[in-house]
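K.L.:
Below you will find the structure I want to go over with you.
The values are calculated or read from the model by the stated rules, or taken from the named source; none is laboratory data. As the structure is a computational prediction, the values presented were derived from the model and not from experiment. Note that we place each Cβ from the backbone using ideal geometry, even for glycine, and neighbour counts take in every protein chain shown. Calculation scope for accessible area: heavy atoms of the full protein, side chains included, ligands and nucleic acids excluded. Shrake-Rupley method; radii C 1.70, N 1.55, O 1.52, S 1.80 Å.
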Amino acid sequence: MEFKKIHLNGFKSFAEKTVFLIEEGLTGIVGPNGCGKSNIVDALKWIMGEASPKEMRGKAMDDVIFNGTTIRPQNDLAEIEINIDNKNKKAPELFNDCENIEVKRKIEREKSSTYYINNKVVRAKDVHLLFADASSGPNTSSIVAQGQVHKLIGSKPEERRVLLEEAAGITGLHARRHESELKLKSAEQNLSRLEDIIKTHKDQFKTLEKQVKEAEKYKTVRDKIKNLEITIIK
């Protein structure tokens, strides 16, 4: 999968809709300090599912929304969309019937984020899985921020293993395994609850069975009493 285009609207310093084309080869963005270059990297991390305001260099996730200036009011919505070329059909099976995939994330003030893939609302983990299959994501080595090169060089063996797994393209398999483990754990809990329910119903059945026998015995005795009363009257 190849990134082709990024749309930013109301995200940090990008108050108006801005489009960045990612052409073949190297694409560079240059400009003076404070012009918003780092915000583009933040935008990539954010649309890939970054959930930590700290990683977005803010105190709350609402801080990614354009906060206004002395001459311009603040925005109430931030939205990012990225266009992905999927002609090689390497996306997850759920989205692999499309040659072009559009991933979008938007947030309104004091509301949570909403994710879309090809204009359909999806879960955050669907977006995580999509980028994990491309050996990418907000916390992978595919995005290197300032000061991270030294961190990569001095990384521990476990951290290096993560880098090798990303390079081998198996990060998505780990994400799927984790999701499968969660589903299996949930299924085990459901089975345990089902066993408790079955036991409870069995106990209730025994009680009802006892009550039925007592009711039948009562009916038999009642009928005998009625027959005796009729005989005495005669």
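K.L.:
Want the number for Val41 to Glu181: 0.36 nm per residue separation, take away the alpha-carbon distance, what's left?
P.N.:
Stretched fully, the Val41-Glu181 segment lengthens by 47.2 nm.
K.L.:
Here is a follow-up. Using a Förster distance of 35 angstrom, determine the FRET efficiency expected from the C-beta separation of Lys89 and Glu55, and round it to 0.05.
P.N.:
So, using R0 = 35 Å, E works out to roughly 0.65.
K.L.:
Between Glu2 and Lys217, what is the label-point separation in nm under the 7 Å Cα-to-beta-carbon projection?
P.N.:
Once both label points are built, they end up 8.5 nm from each other.
K.L.:
How much length is gained on full extension from Thr70 to Glu229, taking 0.36 nm per residue of separation minus their Cα-Cα distance? Don't jump to the answer; show the numbers that get you there.
P.N.:
On the way: separation 159, 0.36 × 159 = 57.24 nm, distance 10.21 nm.
Length difference between fully extended and current span is 47.0 nm.
K.L.:
Something else now. Between Asp62 and Lys210, what length comes free when the chain is fully extended (0.36 nm per residue of separation minus the Cα-Cα distance, one decimal in nm)?
P.N.:
Full extension of this stretch gives 47.0 nm more.
K.L.:
In square angstrom, rounded to the nearest 10, how much accessible surface does Asp76 have for a 1.4 Å probe?
P.N.:
For Asp76, solvent-accessible area is about 100 Å².
K.L.:
Checking the a/c ratio against 1.5 first, then a/b against b/c, what shape does the Cα gyration tensor give for region 1-129?
P.N.:
oblate
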